[in-house]
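Everything below concerns the one structure shown next.
We did not get these values from a lab; they are worked out from the coordinates using the rules stated. In this text the structure is predicted, and so the values were computed from the model without any measurement. Because the Cβ atoms are built from the backbone with ideal geometry, glycine has one as well, and the counts that use them run over all protein chains shown.
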Amino acid sequence: MATWYTDVALAQQQGNNFPGAPGQAQIINPPYGQNNALFEGPFEIVATYVWTGNEAANDIINIALLGAGTVVDPNGKVSSGLTAPATTLTMAIGDNDLALLSNLPIPNAAGSAAAVGQPYTTIQAPVWVSGTSYVPGNVVLDATSVPTYQAYTCLVATSGAVAPHSVANTTWMPNQQRYSNSINVAGAAGNVAFAAGTQMYGTPPSIVPFSVNPGASPTGYVAATTGLFQQYQIQNDCWLQALLLTVNTTVANTVSVFRVPIITAN
């Protein structure tokens, strides 16, 4: 499995886009977090990928970084130029939020956080446990998936003994397909919309405070007794990714453009 990068993702790798004189950026301002895709540009990611001709099924294209606290709009699209990028090409769109720490976009070197006094804390989903009760929105890592420890989001309340990868797209959604399930982007001059994603499932259901009589308590708020499902809010800076599902004869130097709106979470 190979990992490829769009033009935007290449520019967002560690060491790029940090202030400071040339050659001194990492000394003057060592990064403690990741580049923030939300505040470094418009509220739509427009990332171009140039096909090499060497892509294969199960490869991943890193599209761009998603900053913590953002939500991906379900109306993303993948567009192609006048030349078809491949004879067969399907992909799914997702992210690696809450995945294994080693799968985060840019693991920071030890000590870089301490250098600026602002620690960056990563968050990782728990491993799925047979017989444990899960509700829609819970995210887990599946130790028996292929590859191992892939992240899944719960779609239907469950407490069964069947691992998430065995009931993918029914009880659990692979996070690599969170924003779109399989879409066919092989055609020339295509403009293919995301389809069948699960953006509306949040993680996990939150207890949202609401206002009551301000004089009734010192804080003026009491906790709601039920959670509210919200759109999936990115918990940790992560890569927005395209997972190549089927590939046959990609054409070198052809272009696909990912247009993905992102919004702030309320």
How much FRET efficiency would the formula 1/(1 + (r/R0)^6) give for residue 75 and residue 123, where r is the Cβ-Cβ distance and R0 is 30 Å, rounded to 0.05? 0.65
Cβ crowding within 10 Å averaged over residues, with 154-163, 3-12 ranked highest first: 3-12, 154-163
Using a ≥ b ≥ c from the Cα gyration tensor of the range 44-91 (square roots of the eigenvalues), is it rounded, prolate or oblate, where a/c under 1.5 gives rounded and otherwise the larger of a/b and b/c decides, a/b for prolate? prolate
Between residue 251 and residue 159, take the C-beta separation as r, use R0 = 45 Å, and let me know the FRET efficiency to the nearest 0.05. 0.40
Along the range 234-248, Karplus-curve 3J(HN,Hα) (6.51, -1.76, 1.60; θ = phi - 60°) to the nearest Hz, with x for Gly and Pro, reads 4, 8, 9, 3, 8, 8, 6, 9, 10, 9, 7, 8, 10, 9, 8
Excluding residue 76 itself, what net charge comes from residues whose Cβ is under 10 Å from its Cβ, given Lys and Arg +1 and Asp and Glu -1? 0
